[in-house]
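Report on the structure given below.
Every read-out reported here was derived from the displayed coordinates using simple, explicitly stated rules and does not represent laboratory data. For clarity, every value in this text was computed on a predicted model and none was experimentally measured. Neighbour counts run over all protein chains shown; Cβ positions are idealised from the backbone, glycine included.
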Amino acid sequence: PHRGLKEGVKVTRLAPSPTGFIHLGNLYSAFVDERLAHQSGGIFFLRIEDTDDKRFVEGAVETIVGSLDYFGIEFDEGASVEGESGEYGPYHQSRMAELYQACVKQLVQQGHAYPCFLTEEELSEIRAKQEAEKQNPGIYGRWAVSRSLSYEEIEEKLKQGVPYVVRLKSSGKTDVPAEEMDTITVSDAIRGEITMPANNMDIVILKATGIPTYHFAHVVDDHYMRTTHVVRGEEWLSSLPVHIELFGLMGWQPPVYCHTAHLMKIGEEGTKRKLSKRKDPELSLDYYRRDGYYPPAVREY
Ligand code: GLU
């Protein structure tokens, strides 16, 4: 259900992957989320993006909640140390497989997604050919061979248990000169109006395990959890056209995107660079705790 909030009230979320490492960038992002929500009388929730079980670290939720709490940031709903609270759960992506699959089914039924049976070897061959022909890498246009399988061929492969992923059948033009590509214009709350080439890649939305990729999970979650503002790092800007296409195909209104800048420092060579986990101990939130920095000072910083 809609949250029934007054006009202008914002719903934000922090959506970390439970890798066990929580850093200054997470605090920065969480702070923006928290202020946007609470200054408008809205809601700030925690969602755990644990679709990549290889990266899962035991106790990661405790670390996230504990570190942010130390710096005065609290969630109103979502994943927590005691379990989950709120009406818009589950707040762990790993517990929402059926919801994602139902949404993928809708796209397949409408002809906007299809099962792709390409094997790892075939994908490497395609990549090598694309490199040799100086073509963009990825599955699109003539490379998207599973697009043309008949219903009977698909049924046969499914019966034989051939593994498959589900890909988006992108409606973006392929094999046209750059100036003929479709474009999209999105109004980012931080960056203003951005015009980018529309997506034309048949990206994977559901992996062979039946678990969605970030792209699809984010769209489904932020729609059903009624997020109004998505604050995330600029590394996601390049996949924005995919997300906009997915929202459109599902028939949903996208949230307001707020792409933040990377935290940078002046490095040893005197040039600006991204803070690095390996080189900069001050990227880890633990650092400030251990060294006894006064939490409100870190917030202000
Ligand atoms: N799980 C993603 C990350 O940790 C979240 C990005 C987002 O906020 O949508 O980078």
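Sort Ser171, Ser146, Ser284 so the one with the fewest other Cβ atoms within 10 Å of its own Cβ comes first.
Ranking Ser171, Ser146, Ser284 by Cβ neighbours within 10 Å, fewest first, gives Ser171, Ser284, Ser146.
Quick one: order Arg278, Arg47 by neighbouring beta-carbon count within 10 Å, fewest to most. Mind showing how you got there, number by number?
On the way: Arg278 6, Arg47 27.
Fewest to most other Cβ atoms nearby, the residues stand as Arg278, Arg47.
I need to check one value: relative contact order of the chain, counting alpha carbon pairs closer than 8 Å and at least 6 residues apart, in percent.
Reported as a whole number, the value is 19 percent.
What shape does region 102-204 have by the C-alpha gyration tensor, where a ≥ b ≥ c are the square roots of the eigenvalues, rounded means a/c under 1.5, and otherwise prolate means a/b greater than b/c and oblate the rest?
Working: a/c = 2.42, a/b = 1.45, b/c = 1.67.
Oblate shape, in that a/c is at least 1.5 and b/c is the bigger or equal ratio.
Using Cα pairs closer than 8 Å and at least 6 residues apart in sequence, work out the relative contact order for region 179-275, in percent.
Once divided by the residue count of region 179-275, the mean separation gives 27 percent.
For an R0 of 41 angstrom, estimate the FRET efficiency from the Cβ-Cβ distance between Leu5 and Lys173 and round to the nearest 0.05.
Numbers: r = 39 Å, r/R0 = 0.95.
For Leu5 and Lys173, the calculated efficiency is 0.60.
Please arrange Thr227, Thr185, Thr260, Thr12 by counting, for each residue, the other beta carbons lying within 10 Å of its beta carbon, fewest first.
Thr185, Thr260, Thr227, Thr12
Per residue of region 37-50, in order, report the coupling 6.51 cos²θ - 1.76 cosθ + 1.60 (Karplus, θ = phi - 60°) as ³J(HN,Hα) in whole Hz, putting x for Gly and Pro.
After applying 6.51 cos²θ - 1.76 cosθ + 1.60, I find 5, 6, 5, 9, x, x, 10, 10, 10, 10, 10, 9, 8, 10 Hz.
State to the nearest 20 debye the size of the charge dipole of region 169-250 about its Cα centre, where the only charges are +1 on K and R beta carbons and -1 on D and E beta carbons.
Dipole magnitude for region 169-250 comes out near 360 debye.
Rounded to the nearest 0.05, what FRET efficiency is calculated for Ser85 and Glu193 with R0 set to 45 Å and r the Cβ-Cβ distance?
On the way: r = 38 Å, r/R0 = 0.83.
Given R0 = 45 Å and the Cβ-Cβ separation, E is 0.75.
Report, in deg cm²/dmol and to the nearest 500, the calculated mean residue ellipticity at 222 nm for the chain, where each DSSP H run with n ≥ 4 adds -39500 (n - 2.57) and the sum is divided by the residue count.
My calculation for the chain gives -9500 deg cm²/dmol from helical runs alone.
So, by mean Cβ neighbours within 10 angstrom, what's the order for 292-300, 38-46 with the highest one leading?
38-46, 292-300
Rounded to whole Å and sorted largest first, list the principal axis extents of the Cα atoms in region 29-128.
Reported extents, whole Å, longest axis first: 51, 30, 25.
Based on C-alpha coordinates, I'd like the Rg and Dmax of region 163-301, in Å.
19.2, 58
Given the Cα-Cα distance of Leu158 and Arg226 and 0.36 nm per residue of separation, how much length would full extension add, in nm?
Using 0.36 nm per residue and subtracting the Cα-Cα distance, I get 21.0 nm.
Among Leu99, Phe44, Tyr28, flag the residue with its Cα farthest along the positive direction of the charge dipole of region 1-151, charges on Cβ as +1 for Lys/Arg and -1 for Asp/Glu.
Leu99
How many Lys pairs in region 111-229 lie less than 22 angstrom apart by Cα atoms, where the lysines are 8 or more positions apart or on different chains?
Count of close lysine pairs: 7.
Sticking with the crude label model, points 7 Å out along Cα→Cβ, report the distance from His38 to Tyr301 in nm, one decimal please.
Once both label points are built, they end up 2.0 nm from each other.
Which length gain, in nm to one decimal place, applies between Glu180 and Tyr70 when the Cα-Cα distance is subtracted from 0.36 nm times their residue separation?
Stretched out fully, the Glu180 to Tyr70 stretch lengthens by 34.4 nm.
Each label point is 7 Å from the Cα along the Cα-to-Cβ direction; what then is the distance between the points at Tyr151 and Leu123, in nm?
2.9 nm
What is the Å³ per residue value for the convex hull set by the Cα atoms of region 235-294? Walk me through the numbers before you get to the answer.
Numbers: hull volume 8.8 nm³, N = 60.
Dividing the Cα hull volume of region 235-294 by its residue count gives 147 Å³.
With point charges of +1 on the Cβ of Lys and Arg and -1 on the Cβ of Asp and Glu, referenced to the Cα centre of region 198-301, which listed residue (Leu285, Tyr224, Met264) lies farthest in the positive direction of the dipole?
The Cα lying farthest towards the positive end belongs to Leu285.
Given +1 on the Cβ of Lys and Arg, -1 on the Cβ of Asp and Glu, and no further charges, what dipole in debye does region 80-188 carry about its Cα centre, rounded to the nearest 20? If you can, show how the numbers build up before the last one.
Numbers: 12 positive and 19 negative charges, 46 e Å.
It comes to approximately 220 debye.
Using the eigenvalues of the Cα gyration tensor, what equivalent ellipsoid semi-axes result for the chain when each is taken as the square root of five times the eigenvalue, whole Å, largest first? Don't skip to the answer; put the middle values down first.
Details: eigenvalues 255, 107, 82 Å².
The answer is 36, 23, 20 Å, longest axis first.
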